[in-house]
Every structure is written in structure tokens, then in C-alpha cells.
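Structure first, commentary second.
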Amino acid sequence: MGKKIEEQLEEIGEDFQVRILEAALKGNPDSFDVLFELGNAYTQSSRYEEGLEIDRRLIRLRPDNPIVHYNLACSLSLLGEIDESLEELETCFMLGYREYNYVISDSDLENVRMDNRFAELIERYLHSGKRPG
């Protein structure tokens, strides 16, 4: 019974965080920091389509940021968009993202990991020591 209460409190906290961030965004709709946190909050509260929309906005603001591309890959994976998710993973690696162990274990990428191309992509970057061209 205690676990159920804890889960309810967590949901209330997530909802509160989302509402605060949404309100902050109204005052500054292109704030990278607010958008970044809001995207993460949407994903944490399983609002994947809204998170995807935020990630796409972040890409427009910071197209050379590997973390933004990584988050977009995660959102796409959560929504079953495997091809596009793999493209974004490739982009984040090309931009310098090197947290391969995290990528391999990130639950957001579970859908993508089932595709053989995921292992090939990781292998190329993990063991080549160079960026594929």
C-alpha cells in the first residue's frame, strides 16, 4: 500500500514540474534550458509525443548539440520510430557523443536496440576510433 502512495506522490511531483516549466516557457518560448527540462519532464511522465515536439524545437535551436540529438533519438525510439531514431543516434555520435555504455543500457532506446542496425552503429563508433564518413 505504501508503494502505491509513493507512486501517486511521484506522479503529482512530475505533473507539478511540467506545469511549472510550461508556465516558464510562456514567458520565454525559446529558452533552451526550459525547453530541455520540459522535454525531460514530459518523457519522465510518459508524455512521449509532447517530448518529441520539444526535442524537435531544441534541434532547431541547437542543431550541433549532440545531447539534443541523443534526446531526440530517445523520443523517437519510445514512439517506435526506429529508422529516424537510428539516424539521430548516428548524428549525435558524429557530433561527438561518446557515452556508449549509457546508450547501450538506456531504457528509452529499448525499441531501437532490437534492430540489428543498432549494434552495427555502436560497433562502428565504439571500435573504429574514427568517425565514419
Practice prompt. Working from Cα positions, state the angle (0 to 90°, nearest 10) between the long axis of helix 32-44 and the longest principal axis of the chain.
Written response: 80 degrees
Fill in: Rounded to the nearest 20 debye, dipole of the chain from Cβ charges on Lys, Arg, Asp, Glu
400 debye
Worksheet item: Roughly what angle does helix 2-27 make with the longest principal axis of the chain, taking Cα atoms, 0 to 90 degrees, to the nearest 10?
Response: 80 degrees
Worksheet item: What ranking do 44-57, 74-87, 109-122 get when scored by the average of other Cβ atoms within 10 Å per residue, highest first?
Response: 74-87, 44-57, 109-122
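Any chance you could tell me what percent of the C-alpha pair distances in the chain go past 22 Å? Display every interim value, and only then the final one.
Working: 3703 of 8778 pairs.
Percentage above 22 Å: 42.
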Response to the item:
Among LEU76, GLY39, VAL103, the residue whose Cα sits farthest towards the positive end of the charge dipole of the chain (+1 at Cβ of Lys and Arg, -1 at Cβ of Asp and Glu, taken about the Cα centre) is VAL103
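Each value in this text was obtained by applying a stated rule to the coordinates, not by laboratory testing. Note that the structure is a prediction, hence the values are computed from the model and not measured. All Cβ positions, glycine included, derive from the backbone under ideal geometry; neighbour counts span all protein chains shown.
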